[in-house]
Amino acid sequence: MDLTDRRTLLKLTGGAGVAALSGCLSTTDDGGDGSDGSDGGDGSDGGDGGDGSDGSDGGDGTDGDDGSDGGDTGPYQIGMVDSLTGSLSAFGERNQRGVDLALQRVNEVEIDGRELDLIVEDSESENQGGIAAAQKLVNQDGVPFLIGAVGSGVSLAIYESVVQDTDVVQLSQNSTGLNLTDFPGLLRMSPSGRSQSLALSNIISDDGYDEVAITYVNNDYGQSLTDAFVNAWEGDIAYNNPHDQEQQSYSGVISEMDSSGADAWLFITYQAEFATMVNEVYSSGYEAQFYGADSVSGDNVIENTPEGSMEGMKIVVPSAPVEEENYQSFADAFESEYDQQPTSWAAYAYDCVINAALAIQAADEFTGSALRDTVRRVSGPDGEEVTSFEAASQILADGGGPDDVDYQGVSGPIDFDENGDPVGFLQVLEVQDHAYEGIDFVEG
């Protein structure tokens, strides 16, 4: 979608709308649900991870000979690779809460009289950990459907090393890297970062700037989003250089951005790195209008930077359609269960489970090849629009096929395109009084 031509801005109205958005943006490590885009769901290494152990000859594990489908009455078993530990574990915690709610919804209804069981393995937020986890699920547990992973690099490493050239279905819950689009067999629930880059280009231009300085984290995530921004940007690029992760200081980068003469600065990096940069900008007395991709926002940044140091900054993050009734129902259930508002990342994980369950019910058999045929169709635009597993399951139970169902997820419509990418919703945040406030939506 060309956001220049088709950008849709939905103004948030009323205190309740802002409160709902604010709830989606808090990050807590003590059981609360965290920031929408605290690091973009794009692994801390961001690379393609293609150099891991291959595991690609381990078979697709889809015939259920090891009992992974539980026979005729036991639970259907699928797998999930999540970040339970490591740098992206906050995402894993949020994912698991969305997953638990989805499993409750599915197992209250059941799939043709059988429950759904999810085997979760830890990627440790790294490519090699993700590969090992996926190999265990596919080669030992024999799952035909794999949800995973957090981080574009991790997801792609799993696909290239374990899933590619098998019948196993892989659906990533939290990956926005642009290069996943080049692998149509790798589906994802969260939208591509390309829409973020296009939206940022529009926003900076609309704010009256014709020159921008950019710094990005030196990995595939940072490079791909930056390249997309540069391709969309019609003004001048005064500075465009990468930086490494986990450095004690970025004073050289900040000094060069200031020397570039640009008044608009774009940051495509992670929370810790950005917080260091903000502190160094503030202490040096530099002044600029800040912009950022999803990965720079989060309570860790707010807590570790001075008040007033980011005032007016604008950030584009993936978002669920929070004004839709089915999302609000999901959010109410989530808050009742966990005493916190969900994030869009939890919504993506929820929809991965629901989509998998519907694909299983619609398939002729519990194999990867059968699920590969139904996974896109049960949420495609041709069927009857439904917003719950129960309603979608009833259509299938009444004799309907996968094309008769159009499951509308709590994260938005799930119409996978030919590249495995969904339509996505983006949210524009602004830092006001040292807090994130939702000011606009972009549908892309």
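The values are calculated or read from the model by the stated rules, or taken from the named source; none is laboratory data. Small disclaimer: the values here were computed from a predicted structure and weren't measured. No Cβ is skipped: glycine too gets one built from the backbone with ideal geometry, and neighbour counts run over all protein chains shown. Note: areas computed on protein heavy atoms with side chains; ligands, DNA, RNA excluded. Shrake-Rupley method; radii C 1.70, N 1.55, O 1.52, S 1.80 Å.
Odds and ends about this structure:
- Residues in the stretch 65-83 that are surrounded by 18 or more Cβ atoms within 10 Å (Cβ to Cβ) and either modelled with pLDDT of 95 or more or hydroxyl-bearing (Ser, Thr, Tyr) (or both): 68, 76, 77, 78, 79, 80, 81, 82, 83.
- Candidates 385, 437, 365, 390: the one that is in a strand (DSSP E or B) and more than 27 Å from residue 196 (Cα to Cα) is 385.
- When residues of the stretch 405-444 are limited to those that are crowded, with 18+ Cβ neighbours inside 10 Å and charged (D, E, K, R), the one nearest to residue 189 (Cα to Cα): 421
- The requirement of being open to solvent by 10 Å² or more (accessible area, probe 1.4 Å), assigned by the TED database to the domain that holds residue 93 and not in a loop (DSSP other than H, G, I, E, B) is not satisfied by residue 358.
- Residue within the stretch 335-346 that is crowded, with 24+ Cβ neighbours inside 10 Å, modelled with pLDDT under 95 and aromatic (Phe, Trp, Tyr) present: yes
- Restricted to helices (runs of 4 or more DSSP H) entirely inside the stretch 229-314, those with at least 2 residues that are open to solvent by 10 Å² or more (accessible area, probe 1.4 Å), farther than 26 Å from residue 440 by Cβ and at pLDDT 95 or above are 251-259, 271-284.
This table checks each residue for (1) of a type in the set (A, V, I, L, M); (2) over 20 Å from residue 221 (Cβ atoms); (3) outside any strand (DSSP E or B).
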residue	(1), (2), (3)
119	yes, yes, no
156	yes, no, yes
159	no, no, yes
179	no, no, yes
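- Residue within the stretch 339-352 that is farther than 17 Å from residue 102 by Cα and hydrophobic (A, V, I, L, M, F, W, C) present: no
- Flag if residue 167 is assigned to a loop (DSSP other than H, G, I, E, B) and open to solvent by 50 Å² or more (accessible area, probe 1.4 Å): yes
- Looking only at the stretch 261-289, and only at residues there that are under 21 Å from residue 219 (Cα atoms) and among the aromatic types (Phe, Trp, Tyr), the one that is nearest to the chain's Cα centre (by Cα): 270
- With respect to (1) on the phi < 0 side of the Ramachandran plot; (2) modelled with pLDDT of 95 or more; (3) open to solvent by less than 50 Å² (accessible area, probe 1.4 Å), the lone exception for residue 150 is condition (2).
- Matching residues in the stretch 192-226 - criterion: being in a helix (DSSP H, G or I) and without any contact (Cβ under 8 Å) to a residue 12 or more places away in the chain: 206
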